[in-house]
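Notes follow once the structure below has been shown.
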Amino acid sequence: MAAPSGSARLRRCMVSPAGRHSASLIFLHGSGDSGQGLRTWIKQVLNQDLTFQHIKVIYPTAPPRPYTPLRGGISNVWFDRLKISNDCPEHLESIDVMCQVLTDLIEDEVKTGIKKNRILVGGFSMGGCMAMHLAYRNHQDVAGVFALSSFLNKASAVYQALQKSDGVLPELFQCHGTADELVLHSWGEETNSMLKSLGVSTKFHSFPGVYHELSKAELEKLKSWILTKLPD
């Protein structure tokens, strides 16, 4: 299967800012979802779109590809992996292809006049993992990173990249439900403490009783963090 190239290939849906556009937010969905699906889900949880006066919200859709946890079935996933576990090797080839495709998306925003330090990247589940690879390995000059119900594998290339880094790193906002049975809360915690030990400024927010899902409290906390990172 040919590797996708160019952000023109990424379907996306957008929520325009209410006022003058001066910052952008790239929000990546979890495995098997779509940009439109994530936007709809957020809208259901918040009873409204995630909207801002000055920030454009972009929800891209991962291109369909064979996905090993589905026995090679085709799914909208950012990358492939052997299994949903934090102790297997990363499928770096597929991660790196997608880092390039998402770099094109960041560059599209830069071309419209938005500076890199006015762009946030983040996501839910696999989307949060993808965002950490994108920012900490390729774009350490973005405004910040957020990861909801996400984790990095134990020997992640992200950790290796940060060991070699000596610049200022984007802040990480991380949330996880304590009742998550798909991506264990402990995997999220371990990821957070590893990143912290490598110089990332980060807070880990636990949500008691929340499964592998988005919660209203979490999205409201995220929204206020976004506004501290991207003030009008």
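Observations
Yes or no, residue by residue, for (1) open to solvent by less than 30 Å² (accessible area, probe 1.4 Å); (2) at pLDDT below 95; (3) touching a helix residue (DSSP H, G or I) at 6+ places or on another chain (Cβ under 8 Å); (4) in a helix (DSSP H, G or I):
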position: Ala3; (1), (2), (3), (4): no, yes, yes, no
position: Met14; (1), (2), (3), (4): no, no, no, no
position: Ala18; (1), (2), (3), (4): no, yes, no, no
position: Gly37; (1), (2), (3), (4): yes, no, no, yes
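- Within the range 155-180, residues that are touching a residue at least 60 places away in the same chain (Cβ under 8 Å) have Cβ atoms under 8 Å from residues that are open to solvent by 10 Å² or more (accessible area, probe 1.4 Å) and in a loop (DSSP other than H, G, I, E, B) in these pairs: Ala155/Pro89; Ala155/Glu90; Ser156/Glu90; Ala157/Glu90, counting only partners at least 6 apart in sequence or on another chain.
- Counting only residues that are open to solvent by less than 60 Å² (accessible area, probe 1.4 Å), part of a loop (DSSP other than H, G, I, E, B), closer than 18 Å to Ile84 by Cα and in contact with an Asp or Glu (Cβ under 9 Å, 6 or more places away or on another chain), the range 151-195 holds 5 of them.
- Cβ separations smaller than 7 Å between residues 6+ apart or across chains give the following pairs from the range 28-54 residues that are among the aliphatic types (A, V, I, L, M) to residues that are open to solvent by 10 Å² or more (accessible area, probe 1.4 Å) and assigned to a helix (DSSP H, G or I): Val45/Lys216; Leu46/Lys216; Leu50/Lys223.
- Test result for Asp232, charged (D, E, K, R), in a loop (DSSP other than H, G, I, E, B) and touching a helix residue (DSSP H, G or I) at 6+ places or on another chain (Cβ under 9 Å): no
A quick yes/no check of all residues on (1) in a helix (DSSP H, G or I); (2) closer than 26 Å to Ala157 by Cα; (3) open to solvent by less than 20 Å² (accessible area, probe 1.4 Å):
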| residue | (1), (2), (3) |
| --- | --- |
| Ile26 | no, yes, yes |
| Gly30 | no, yes, yes |
| Asp33 | no, yes, no |
| Ile74 | no, yes, no |
| Phe79 | no, yes, yes |
| Asp87 | no, yes, no |
| Cys99 | yes, yes, yes |
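- Residues of the range 39-72 satisfying the condition of being in contact with a helix residue (DSSP H, G or I) (Cβ under 8 Å, 6 or more places away or on another chain), within 19 Å of Gly122 (Cβ to Cβ) and in a loop (DSSP other than H, G, I, E, B): Asp49, Leu50, Phe52, Thr61, Ala62
The values are calculated or read from the model by the stated rules, or taken from the named source; none is laboratory data. These numbers were taken from a predicted model, which means no experiment stands behind them. Reconstructed Cβ throughout: ideal geometry from the backbone, glycine too, with neighbour counts over all protein chains shown. SASA here: full protein model, heavy atoms, side chains in, ligands and nucleic acids out. Shrake-Rupley method; radii C 1.70, N 1.55, O 1.52, S 1.80 Å.
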